[in-house]
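Throughout, read-outs are computed from the coordinates displayed, never taken from laboratory work. Worth saying up front: this structure is predicted, and the values here are computed from it rather than measured. Don't worry about glycine lacking a Cβ; one is built from the backbone with ideal geometry, like all the others, and counts go over all protein chains shown.
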Amino acid sequence: MTSHQTVTIIMIEDDEGHARLIEKNIRRAGISNEIRHFTDGTSALEFLYDHPSGPAQNGPALILLDLNLPDMSGTDLLGRFKAEDSALKRTPIIVLTTTDDKVEVQNCYDLGCNVYITKPVNYDSFADAIRQLGLFLSVIQVPDLPEANG
Amino acid sequence: MIRGIIQWDRRLSRLAVGAITLGFLALLATGVTAYLSVRENQFYASRVNHSFKVQRALTDFIAEMNRAEIGRRGYLLTGVAAHAETYYKARDGLFPLLAHVRDLTRDNPRQQANVARLIALTRSDLPFMDQSIALVRSGRRDEGVRLFRDSVGRRAVTTLRAQTALMVDEEDRLLAIRQAATARSIRLFYVTVAAAGAILLLLAAGSIWVIARYTRDLAASRDQLRLLNDDLEGAVRERTTDLQRANDEIQRFAYIVSHDLRSPLVNVMGFTSELEATAKTLGAMMGRAEQQAPDLVDAEAKRALREDMPEALNFIRTSTEKMDRLINAILRLSREGRRAVTLEKLDMDALIQSIADVHRHRIDANDIDLSIAPDLPDIVSDRLAVEQIFGNIVENAIKYMVPGRRGRIEIRGRSEGRRAIFEVADNGRGIDPRDHHRIFDLFRRSGMQDQQGEGIGLAHVRAIAYRLGGMISVDSELARGATFRIDLPIEFSGEQRILE
């Protein structure tokens, strides 16, 4: 039976501070899954698709994606993850970004993002959002089961 | 330049009208002259005719006289009674003929004198002639012939003829004068007709010239106007496109800046909170240390942890929060600029009333008189944007009342051509005229800073007004209230359309 621990959290976030805050709050929410952090799109893609322990070869995973990356646009990455022939098209993706621009949010949902979280400047709301992420994480265990078994 | 052309045009048209009027007057004058010359001609022709009549009467008289003389001589020679008859017949016709001549020449004193002499001559000769006939008839033929010889000796008939010829000559003289006059009047007539023809030709040519010139000028100015118009439209389109591009760039810039500024701010806020948590842990530890080993805790460390650190953290937090609000304001402005406007017909009476209803609670709580003028002009615009404009201004009016003075807000509107002008007037604290421009700038405020706000509202309002093709201005003095004037197009077509 697949347990919590088997879901790897892939965090693609170029801002070290944000990454640290996200990690702290995830841990604080009582989630102890492995978190792998990438600061750019290229290395993240490499791990996700090609690495033996990556989710393409060895799922399941949850992706936390920041839209502002130094080497590529986050929305492009999202599009690639959710493309028809992608190995990650069923992997839940949570977009975490600073803007709450309606157009951008809609765009992300259209591309197939599962949750969109704005990083509020207000830290309490931020922490809340991440904690809710923890709740989400426990919910997504169910649809991931067959894939994990297969 | 155009003014000069118009003036010149006016002068030209006045000149043309004058010339044409003059031409027609000249034509009229020639007509009158022609008429007069024809009448003169008729008059002289009748006089010529008259002279001919006189001459003919005189000729008739001479012929009659000759016939009488022939009859007398025949009778004297032959004694045939028929000759006497001829004589008498001719003799009786003499006086009526003379009377006829006298009547005809009544207008000419010289001929009257002549005819009087002729009558006298005839009258003096006739008795002798009658007597010679009578003598022959009574058989005293010799006496009759003697008498005839006497009369030949007196050259009576010759004198008569000479006198008549004199009169004919006189008529000839008159005839010559009259014929010359007739010829002159005919010449005058021809000259006038020729002049009229010339004037007509000139008039026609002048009129054609003026019309042609006008038509050419009109066509030229029409072409020029069209050119100018096309040019203007092109220039406006170009300018609008440039402006739109610049505006888009600013919007993008504002969006990126605010977006990227927020990122570090999340860190500042986040780690400040982490620090606070750490401080709490440390504080708890210090509390325990105070209890268990009081000599380890010095006053400086205590102050650092209990006062300096919370104070610093607090400043960091409030400043960050303020910065976040400012960034949000920029973001909102940039979004407002990017938002697509949806045009619809707005019932402004209802719209303003709904804004008043939104603020009803605060209006009543502050005991403010709000009056909305009836029949505000309706406009075609974006509902949300217009609501934001008026909502903001009404809110400001409520916010900046003078404490202790009963507040009054008046909203009125009128249409001027293709623009609708709305005014929101209050009797609040007013705005220093020096700040009238400043208040529409982002983050700028005016007057006493005793009210919450970031200096965003009016900047936002102005951005929206510009977006809707409108303008906003303020008229105010300190402590005298303020009147905000919002000038919007009655039918906003959207500058976006120009771009497309």
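Spatially, region B:347-424 and region B:121-192 are offset by 124 Å when compared through their Cα centroids. Of the residues B:Gly453, B:Leu488, B:Ile372, the one whose Cα sits farthest towards the positive end of the charge dipole of region B:340-499 is B:Gly453 (charges of +1 on Lys and Arg Cβ, -1 on Asp and Glu Cβ, taken about the Cα centre).
When only Cα pairs under 8 Å and 6 or more residues apart are kept, what is the percent relative contact order across chain B? Walk me through the intermediate numbers first.
Values: 531 pairs, mean separation 56.4, N = 500.
About 11 percent, as a whole number.
The equivalent ellipsoid that matches the C-alpha gyration tensor of region B:2-215 spans semi-axes of 71, 13, 10 angstrom, in descending order.
Comparing B:Ala57, B:Gln131, B:Ile199 along the charge dipole axis of region B:2-215, the residue lying farthest to the positive side is B:Ile199, per the Cβ-charge model. How tilted is helix B:383-399 with respect to the longest principal axis of chain B? Cα atoms for both, answer in degrees (0 to 90, nearest 10). Tilt relative to chain B: about 70 degrees.
Within chain B, the percentage of alpha carbon pairs spaced more than 33 angstrom apart rounds to 72%.
Sorting B:Lys89, A:Lys119 from the fewest to the most surrounding beta carbons within 10 angstrom yields B:Lys89, A:Lys119.
Legend: calculated FRET efficiency, B:Asn314 to B:Glu416, from the Cβ-Cβ distance at R0 = 45 Å, rounded to 0.05, equals 0.25. Charged side chains reduced to their Cβ positions (Lys and Arg at +1, Asp and Glu at -1) give region B:2-215 a dipole of some 540 debye around its Cα centre. Computed from point charges on the beta carbon alone (+1 for Lys and Arg, -1 for Asp and Glu), the dipole magnitude for region B:399-477 about its Cα centre is near 200 Debye. Candidate cross-link partners of B:Lys302 among the aspartates and glutamates, defined by an alpha-carbon separation under 12 Å and a same-chain spacing of 8 or more, comprise B:Glu290.
At q = 0.07, 0.10, 0.12 Å⁻¹, what base-10 log of I(q)/I(0) does the Debye formula yield for the protein assembly as shown when every alpha carbon is treated as an equal point scatterer in vacuo? With one equal scatterer per Cα and no solvent, log10 I(q)/I(0) is -0.79, -1.11, -1.25.
Take the alpha carbon atoms of region B:26-81, find their center, do the same for region B:289-330, and report the distance between the two centers in whole angstrom. When both Cα centres are located, 150 Å separates them. Evaluated with a Cβ-only charge set (Lys, Arg +1; Asp, Glu -1), the protein assembly as shown carries a dipole of roughly 8020 debye about its Cα centre, given to the nearest 20. Put in line by how crowded their Cβ is, counting other Cβ atoms within 10 Å and starting with the fewest, B:Met285, B:Met323 read B:Met285, B:Met323.
By DSSP, the beta bridges lying fully in the protein assembly as shown are antiparallel in about 55 percent of cases. Here region B:250-337 is treated as a Stokes sphere of Kirkwood radius computed over C-alpha pairs; at 25 °C and 0.890 mPa s its diffusion coefficient rounds to 160 µm²/s.
The Rg/Rh ratio for region A:1-94, using Cα coordinates for both the radius of gyration and the Kirkwood hydrodynamic radius, is 0.95. By DSSP, the beta bridges lying fully in chain B are antiparallel in about 85 percent of cases.
Dividing the alpha-carbon radius of gyration of region B:358-496 by the rule-of-thumb value 2.2 N^0.38 Å gives 1.02.
Along the axis of the charge dipole computed for region B:290-405 (Cβ charges of +1 for Lys and Arg, -1 for Asp and Glu, origin at the Cα centre), the listed residues B:Tyr400, B:Gly337, B:Pro310 are led at the positive end by B:Gly337.
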